[in-house]
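What follows is a set of notes on a single structure, which appears directly below.
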């Protein structure tokens, strides 16, 4: 698997080995609906390149990190939530990251409270 981790769930989605409800994609990133949504819009945006966390991705491949952010905007526009949505990056187990492939959660379509949790 080029630029991937053979044991990584998200790398398998990028490779087409596991199906996903893809909503947007670019040469560097792919966006798909979360299987356990926490809001009407809950889309994961991941780089095609494997990096465990966003800070690691930003250090190793700034263009891919920027592309993830650009795709979050396209997801919000496509789902009609651009007037108000949240982008969440969990970096590390203590922050709630459960899949160690950098990814953004795009959440919207309902009122989001603060603090988040």
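Please treat every number below as a calculation from the coordinates, not as lab data. Here the structure is a predicted model, which is why all the values come from computation and not from measurement. We place every Cβ from the backbone using ideal geometry, glycine too, and count neighbours over all the protein chains shown.
Results, tabulated for the structure shown:
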| quantity | calculated |
| --- | --- |
| Length added when fully stretched, residue 111-residue 36, from 0.36 nm per residue minus Cα-Cα | 25.2 nm |
| Cα gyration tensor shape for the stretch 9-108, rounded if a/c is under 1.5, else prolate or oblate | rounded |
| Degrees separating the helix 62-79 axis from the principal Cα axis of the chain, which is the longest one | 40 degrees |
| Cα-projected label distance for residue 22 with residue 9, points at 7 Å along beta-carbon direction, nm | 2.0 nm |
| Mean separation of Cα contacts under 8 Å, 6 or more apart, over the residue count of the chain: relative contact order % | 28 percent |
